[in-house]
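The values are calculated or read from the model by the stated rules, or taken from the named source; none is laboratory data. Predicted model only: the values in this text are computed from it and were never measured. In this analysis, Cβ positions are derived from the backbone assuming ideal geometry, glycine residues included, and neighbour counts consider all displayed protein chains.
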Amino acid sequence: MKSRVTFASLILGLGLMISESSAATTIFDDSPASTKPANALLVNGSEKQFALFVEQKLNNFTKKSSWQNFMSVVSLYNQNPVAVLSLDEASRKKFNEANVQLSNELAKSNGNLEVTRWANQANQTARMINLLWNVEAEASKTPDAE
């Protein structure tokens, strides 16, 4: 029981840290505030700006199912971070494959600062989602110490 409470507290804490918003920044912000953790992930509406950016730069890629897989998991994560824990193994695998494909597509495009920033945010978001999955897997392996 204690491990479940600890796990729920961890998820809640991560969700609260991520939901911090820095209202003074914009998508073209190059200020020091743009390197804060809240801006390192696709959260607080930035996933929609990212989707618009990818649609403009990688229009062909957005028509593929891998793009839909990636954005559906990111959107689910933004609505409720704990909700991604309910995804099955196949969905998780599709998400990770889509992330690799997206990273490759972004790397092929013009490597300006904006592309790099969006690619970093997408990768950090994918890493955070995978961290949640890994923590959940570890928590489910550990027997309750009651």
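Structural remarks
- Any hit, segment 40-63, residues being over 18 Å from LEU131 (Cα atoms), loosely packed, with under 15 Cβ neighbours inside 10 Å and modelled with pLDDT under 80: yes
- Candidates SER34, SER109, SER22, filtered to the one that is farther than 30 Å from GLU138 by Cα, at pLDDT below 85 and crowded, with 17+ Cβ neighbours inside 10 Å: SER34
- Residue match in segment 113-123 (condition: free of Cβ contacts under 8 Å to residues at least 24 places away in the same chain, under 29 Å from THR6 (Cβ atoms) and surrounded by 11 or more Cβ atoms within 10 Å (Cβ to Cβ)): no
- Subset of segment 57-73 [β-branched (Val, Ile, Thr) and touching a Phe, Trp or Tyr at 6+ places or on another chain (Cβ under 8 Å)]: VAL73
- Of the residues in segment 136-144, at least one is exposed (fewer than 14 other Cβ atoms within 10 Å of the Cβ) and in contact (Cβ under 8 Å) with a residue 24 or more places away in the chain.
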